Amino acid sequence: MASGWASDDAVQEQIDSSIEDAIARARSQLPTGASLSHCEECEALIPEARRQAIPGVRLCVACQAEHDKEQAKFSGYNRRGSKDSQLR
Ligand SMILES: [Zn+2]
């Protein structure tokens, strides 16, 4: 009786390495989970309180406001309001 092609140790190693792979993959794919310490756009420091309030925050208050404005424009929500303020 020859011993099998794989020892129990080898099987255990395979299991371990596939778990490590899964963890590594999960780490590299952090979706929007991690909050940034500095703004993605202007690199301003994002206050701790803001990071805790908004999980996955990537922008400082100023840049977020700009983004919100852009979003409003695209959705047409703020179109009339901005036109009025340009005229006055
Ligand atoms: Zn910013």
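The values are calculated or read from the model by the stated rules, or taken from the named source; none is laboratory data. Remember, it's a predicted structure, so these values are computed and weren't measured experimentally. Every residue, glycine among them, receives a Cβ derived from its backbone with ideal geometry; neighbour counts consider all protein chains shown.
Some points to look at:
- E40 being modelled with pLDDT of 90 or more, near the ligand (Cβ under 9 Å from one of its atoms), among the acidic types (D, E) and part of a loop (DSSP other than H, G, I, E, B): yes
- Within segment 43-76, restricting attention to residues that are more than 14 Å from the ligand (Cβ to nearest atom) and surrounded by 12 or more Cβ atoms within 10 Å (Cβ to Cβ), the residue that is modelled with the lowest pLDDT is K73.
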